[in-house]
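For reference, the structure is listed below as structure tokens.
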Amino acid sequence: MTRSDSRKGAKPKRKYTAANADRHELYQLAVQNVESEIDFVDETFQAMRKRKAERLREDFCGTGNTSCEWVSRRKTNIAVGLDIDADPLAWGREHNFAKLKPAQRERVKLLERDVLDPGPGTGKMDIVLAMNFSYWLFMDRKTMRRYFERVRESLVSDGVFFLDHFGGYEAYQEQEEEREVEGGKFTYIWDQQKYNPISGRVDCAIHFKFKDGTEMRNAFTYSWRLWSLPEIREILEEAGFKKTTVYWEGVDDEEDEEGFAGGNGEFEATEEGTADAGYICYITAEK
Ligand SMILES: C[S@@+](CC[C@H](N)C(=O)[O-])C[C@H]1O[C@@H](n2cnc3c(N)ncnc32)[C@H](O)[C@@H]1O
């Protein structure tokens, strides 16, 4: 028995099922690691610019979890999250804002906006983030370039745009990948349902499976283009960014039963990647 179990009024341990689970909560637990993402962004900006960033914009922010993490780091930090969908924004204001102190809450805004036309109050940023590959929702080069140009205009003169990227030969396969979350309380399933090599379009879905055998199918669905790293760097340069850098993940010391070693969570700037089955990396683009 743990100490909290013996406390009077301790809450029973939560059991997730398809009937009681909240898809936004599951997403945050399974997909995001906002602490390590903000560690990377904050440290990389400081190393690059020899100053601390303050104003951060989170594009495609969904529930604004990353924005909330940013304002909780320093009293001077300000965050603006943009998303086109009112539903995750409302969820984030209700649940993620509740975890912040009142003074922190005053320094974060979640706005229902299209990142292609961000509008007032979204400029003069030290940092703009486009994470979890959301910018891949733009399927053609012209729109992607227009988005990157809008981001560049929104940055201060030494501002930095941070993006993530995934690839590797498994990214092109129609397959499902499962991972247990929260010590096995539920299973996250990433489903690459259909890939069209002619358009580059991939249809993906996130499903969740629970210990009681129930499932939440298609909790989230995305259709996006599988862009390659050199394509994205070229478009960033065409949009006017002076310099782009790729940060590749180091390899874990331990291997699984099949002899594969995963990433170690440490990202280093390099021009030499490896032909991995699957990789996730970061890109920075300097104004
Ligand atoms: C893959 S989710 C990413 C959520 C979150 N950023 C994360 O890191 O987990 C993509 C989000 O982008 C939003 N979105 C799609 N097109 C958009 C647009 N043109 N402008 C703003 N948000 C958009 C969707 O509503 C959705 O919440």
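For segment 228-261, give me each residue that is farther than 27 Å from Leu137 by Cβ, open to solvent by 30 Å² or more (accessible area, probe 1.4 Å) and touching a strand residue (DSSP E or B) at 6+ places or on another chain (Cβ under 7 Å).
Val251, Asp252, Glu254, Glu255, Ala261
Please tell me if Ser72 is open to solvent by 40 Å² or more (accessible area, probe 1.4 Å) and assigned to a helix (DSSP H, G or I).
Answer is yes for this residue.
Give segment 75-115 a look and list any residue that's open to solvent by 60 Å² or more (accessible area, probe 1.4 Å), part of a helix (DSSP H, G or I) and near the ligand (Cβ under 10 Å from one of its atoms), or say none.
Asp87
Kindly provide the set of residues from segment 45-64 that are open to solvent by less than 20 Å² (accessible area, probe 1.4 Å) and away from the ligand (no atom under 16 Å from the Cβ), ordered by number.
Phe45, Ala53
Return the pairs, sorted by first residue and then second, in which the second residue is surrounded by 18 or more Cβ atoms within 10 Å (Cβ to Cβ) and in a loop (DSSP other than H, G, I, E, B), the first residue lies in segment 190-209 and is modelled with pLDDT of 95 or more, the beta carbons are less than 6 Å apart, and the residues are 6+ apart or on different chains.
Every condition considered, the pairs that remain are Gly200/Leu226; Val202/Leu226.
Would you check if Ile189 is over 25 Å from Ile283 (Cα atoms), outside any strand (DSSP E or B), not acidic (Asp, Glu) and not assigned by TED's automatic domain parsing to the domain that holds Gly278?
No.
What's the total number of residues in segment 63-81 that are among the hydroxyl-bearing types (Ser, Thr, Tyr) and closer than 12 Å to Val128 by Cα?
Residues that pass the stated criteria total 2.
Looking only at segment 136-186, how many residues end up being open to solvent by 10 Å² or more (accessible area, probe 1.4 Å) and part of a helix (DSSP H, G or I)?
13
Looking at (1) out of contact with any Gly (no Cβ under 7 Å at 6 or more places or on another chain); (2) open to solvent by less than 60 Å² (accessible area, probe 1.4 Å); (3) within 16 Å of the ligand (Cβ to nearest atom); (4) in contact (Cβ under 8 Å) with a residue 24 or more places away in the chain, find the lone condition where Arg225 falls short.
Status for Arg225: all satisfied but (1).
Open to solvent by less than 10 Å² (accessible area, probe 1.4 Å), within 12 Å of the ligand (Cβ to nearest atom), outside the structural domain of Tyr195 (by TED's automatic domain parsing) and over 20 Å from Val156 (Cα atoms): is that true of Asn132 in this structure?
No, not satisfied.
Determine which member of the set Gly92, Gly123 is small (Gly, Ala, Ser), within 22 Å of Ile38 (Cβ to Cβ) and under 17 Å from the mean Cα position of the chain (by Cα).
Residue meeting the stated conditions: Gly92.
For Asp42, all conditions in the list (1) open to solvent by less than 50 Å² (accessible area, probe 1.4 Å); (2) away from the ligand (no atom under 13 Å from the Cβ); (3) at pLDDT below 95 hold save one; what is the number of the exception?
(3)
Among the residues of segment 193-222, which ones are charged (D, E, K, R), assigned to a strand (DSSP E or B) and away from the ligand (no atom under 16 Å from the Cβ)?
Once the filter is applied, which keeps residues that are charged (D, E, K, R), assigned to a strand (DSSP E or B) and away from the ligand (no atom under 16 Å from the Cβ), segment 193-222 yields Lys194, Lys209, Glu215, Arg217.
Could you please let me know if Ile206 is of a type in the set (Val, Ile, Thr), assigned by TED's automatic domain parsing to the domain that holds Val34 and closer than 29 Å to His24 by Cα?
Spelling it out, it is not the case that Ile206 is of a type in the set (Val, Ile, Thr), assigned by TED's automatic domain parsing to the domain that holds Val34 and closer than 29 Å to His24 by Cα.
The values are calculated or read from the model by the stated rules, or taken from the named source; none is laboratory data. Model, not experiment: these values are computed from the prediction. Here Cβ is always computed from backbone atoms with ideal geometry, including for glycine, and neighbour counts include all displayed protein chains. Remember, those area values only see protein heavy atoms, side chains included, never the ligands or the DNA or RNA. Shrake-Rupley method; radii C 1.70, N 1.55, O 1.52, S 1.80 Å.
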